[in-house]
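The values are calculated or read from the model by the stated rules, or taken from the named source; none is laboratory data. This is a predicted model, so every value here is computed, not measured. Here Cβ is always computed from backbone atoms with ideal geometry, including for glycine, and neighbour counts include all displayed protein chains. Each accessible area value is taken on the protein alone, full model and side chains, heavy atoms only, with ligands, DNA and RNA left out. Shrake-Rupley method; radii C 1.70, N 1.55, O 1.52, S 1.80 Å.
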Amino acid sequence: MLTLPITGSTSVSRHLLLTCWLLIYLPSRFLWADLIYPDPADNPTSGRNALNTPVVSEIRYSLNGEVIDDEIVLERLSQRTEVNVGAPVSRDQVRRSIEAIYRLGQYAQITALHFPADSPNHTILVFQMTSRKQCGKVELVFGVGSRKRAQLSMDLCRAILHSRSGIGYTPNMVASDVERLKSLHREHGYFGARVYSSVEETSVPTINLRFHIDTGNPTTINRLQFTGNQNLKIRTLSKLIKSKTGTIYNQRTLTQDVDTLVRKYRKEGYLTVKIEVIEQYRQTENQIGLNFYIQEGPLVIFRGESNLKDVSLMWKEVVKEINLYRQDNYSSFTLRGNARRIQQFYQQRGYLDPQVTYQINYHSDQEPASEDKPGQVEIIFRIETDPPPIIDSTTLVGNQAFSYNQLLANITMRPQQKLKAWIGALLPWQTRQGFFNPIVFEQDRRAIELFYRQYGFNEIAVTNQKELDNQNRLHLIFTCQEGKQQFVQSVQLEGNTVFLENDIHQWLKVKPGTVYNTDSVTQDQLLLQSKYDEMGYIYATVDPIYERENEVLRYQISEKQSVKMGALSISGNLQTKSQVMAREFETLDLHQGETLSLSQLDQIKQRLFMLGLFRSVEVDLPNLRQQKEIQDVNLSVDEKKTRGVSLSGGYNPLDRLRATVE
């Protein structure tokens, strides 16, 4: 027998007690090892053990000692249970099932037990669960010292809290919320705010929370100072910012002020400027001083040079379109990108092959000038190009089904009229009509192909090329390989049981005797899928197949099963009540157990977004890939920050006049 001398040794006894507590507590969190038979896979050589492993005849779930009979909840639990009825009990499968159920976040403790069934060598597997403690009421209580006019908005304070009614309670989450409230008040100028929390446990597994807030007096700005500004005067900088002496400190306003100053400096050519605000808070006076520490960096000047006068005259337009003075550096990577964009700029204005290079010159008041500490940086972009040729002709080759004028109507780039050509020759930097643009040239090629496909020429291939003659005149050539025109002599349906064949034929645009247009067929395909979606067959697929030899268009339809709505989960609504969001589902008669369609979810997403309360609205079906008959719906939103009363209204045929006040 092994004995441990624990008398007179408190440290050893403490370690022994801790070990005993771990042996008792940890198995109670995920209890399966001693309650489920060993897995046959653990000992492959033991055939006898595999034969004695009982078979699962039934799986049950209980919550807080009561059997769960709700179909929606049972469906969610069964989807996360790997153990199958009729299969031997597997310890690993039970363990993974417990972990999957625990990840739902609704249960504090999960155990798996087995009981003998009526049939020999069969067992009933029971998952016993206890509810996790959840947050009940969450209140914000402002102290006596907090004047009403000095309080932050209730909605603004609630928006940052992670503790919300109905979610799991943890002390760490409450402590984090206390720190968030302190930071929020500090950001709005209440540096001396006191925040603490209190809890109240009820008979049910919920905990009511109270956050007590004493804001105190707001902190005012008593001094503004600018350091390091050599090229912009203090008076100019002071006029640009909103933070003023005597006003209440606000971190968001201060951040905007820094961005405003940075934009001003970059506009003046100081691209690498850095501005840091140093705060000096005096607790005794409850005042704060702000020092804007500015590192201006070198002055950057962009210049454009070219062998052509009209190219140089367009340089101001280049600087404005490319936003050269909004970038924050002049590295080689950035300048190479600028050169590519300048090249594209001139190409879109008729210059066929402009070559753009750049050169950096460093200047300094102290000689010699160095790259490390320059006083001024001059960046010169050199554009070498030939004069832009004028489009003299547009030629079509290989077109037999359509005339020249029919195809020319789809082309944007054509020879310009004599008067416009004369004006363009005198003022080439003022007008770019009649000049070559590679982007428009490619768009014209695709437009011709689209025109052909509308009339059944689905094998059409159009190539384009340009030729420049000795007189600097450009000739555009479009070569068409038309192929064979395709028709539809018969439209057949396969696999349709939900809709009548006559109804489907009436919906389709492509009918027997018409040309085979792939775009129209795609529209019919999407139309049929939307019809099935409206009936709840969200997994239905429609595949069109065209037989060229017989000119038969066949739609292969796989309807699969209809889908019902499961549980609705709403997240992200820190300010908006869940009832407001769930009402949109009720408006469309979408409840648990009702037929679910993707089009309804799109309508709900659009209606919620139109309320004006959210930056984004996402509707997700987490089990869509598994193609389950019952689909849970997860609705997540990203709310806008509101500081006051928001009134929104609207009218539609379903709700008539509606107004919402938040």
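In order along the range 267-272, the phi-based Karplus estimate (6.51 cos²θ - 1.76 cosθ + 1.60, θ = phi - 60°) of 3J(HN,Hα) comes to 5, 7, x, 8, 5, 9 Hz; Gly and Pro are listed as x. The heavy atoms of K640 offer some 90 square angstrom of accessible surface to a 1.4 angstrom probe.
Tally Lys/Arg at +1 and Asp/Glu at -1 over every other residue whose Cβ is under 9 Å from the Cβ of L161; what's the total? Residues near L161 contribute +2 overall.
Computed with a 1.4 Å probe on the full set of protein chains, the accessible area for L140 sits at about 20 Å².
Close amide H contacts of F142 (hydrogens built in the peptide plane, cut-off under 5 Å, sequence separation of 5 or more or a different chain): I213. Scanning residues 5 or more positions from N229 or on other chains, those with amide H under 5 Å from its amide H are I294, with H placed 1.01 Å from N in the peptide plane. Between S57 and L493, the modelled label-to-label distance comes to 4.9 nm, taking each label 7 Å out from Cα in the direction of the beta carbon. Taking the accessible area of the range 490-626, probe 1.4 Å, and keeping the other protein chains in place, the carbon and sulfur fraction comes to 45%. Converting phi to 3J(HN,Hα) with the Karplus coefficients 6.51, -1.76 and 1.60 and the offset θ = phi - 60°, the range 60-66 yields 10, 10, 9, 10, 6, x, 10 Hz in sequence order, with x at every glycine or proline. Measuring between their Cα centroids, the range 51-101 and the range 456-512 lie 55 Å from each other. Put I248, I101 in order of accessible area, highest first, and with a 1.4 Å probe you get I248, I101. Close amide-amide hydrogen proximity is noted between E459 and K484, each under 5 Å apart and 5 or more residues distant or on a separate chain (H modeled in the peptide plane; Pro and chain starts excluded). Assuming R0 = 22 Å, what is the FRET efficiency of E501 and T587, from their Cβ-Cβ distance, to the nearest 0.05? Rounded to the nearest 0.05, the efficiency is 0.05.
Among 523-534, 282-293, 205-216, the peptide with the highest mean count of other Cβ atoms within 10 Å heads the list, and the full ranking is 205-216, 523-534, 282-293. Accessible area per residue for the range 557-600, computed on protein heavy atoms with a 1.4 Å probe, is 46 Å². Ranking of H162, H114 by solvent-accessible surface, largest first: H162, H114 (1.4 Å probe, protein heavy atoms only, all chains present). A simple spin-label model places the labels of L527 and N323 4.3 nm from each other, with each point 7 Å out along Cα-to-Cβ. The ellipsoid equivalent to the alpha-carbon distribution of the range 111-246 has semi-axes of 53, 20, 10 angstrom, derived from the gyration tensor eigenvalues as √(5λ) and listed largest first.
Surface composition of the range 65-159: carbon and sulfur make up 47 percent of the accessible area, probe 1.4 Å.
Computed 3J(HN,Hα) for the range 244-251, one whole-Hz value per residue from the Karplus formula 6.51 cos²θ - 1.76 cosθ + 1.60 where θ = phi - 60°, is 10, 5, x, 8, 6, 5, 9, 5, glycine and proline marked x. Near V178: Cβ cut-off under 12 Å, other residues only, Lys/Arg at +1 and Asp/Glu at -1. The net charge is +2. For the pair L156 and S197, the difference between a 0.36 nm per residue extended length and the Cα-Cα distance amounts to 13.0 nm.
Rolling a 1.4 Å probe over the protein heavy atoms leaves V356 with an accessible area of roughly 30 Å². On a full-extension model of 0.36 nm per residue, what is the gain between T255 and E305, subtracting their alpha-carbon distance, rounded to one decimal in nm? Gain on stretching T255 to E305: 14.1 nm. Remark: accessible surface ordering of E584, E139 (largest first) is E139, E584, probe radius 1.4 Å.
When only alpha carbons are used to place a centre, the range 270-300 and the range 515-548 end up 62 Å from one another. Loop-located GluC sites (Glu not before Pro) across the range 305-404 with a Cβ neighbour count of 10 or fewer within 10 Å are E371, with loop assigned by DSSP.
Modelled spin labels at Q376 and T284, positioned 7 Å past Cα toward Cβ, are 5.0 nm from each other.
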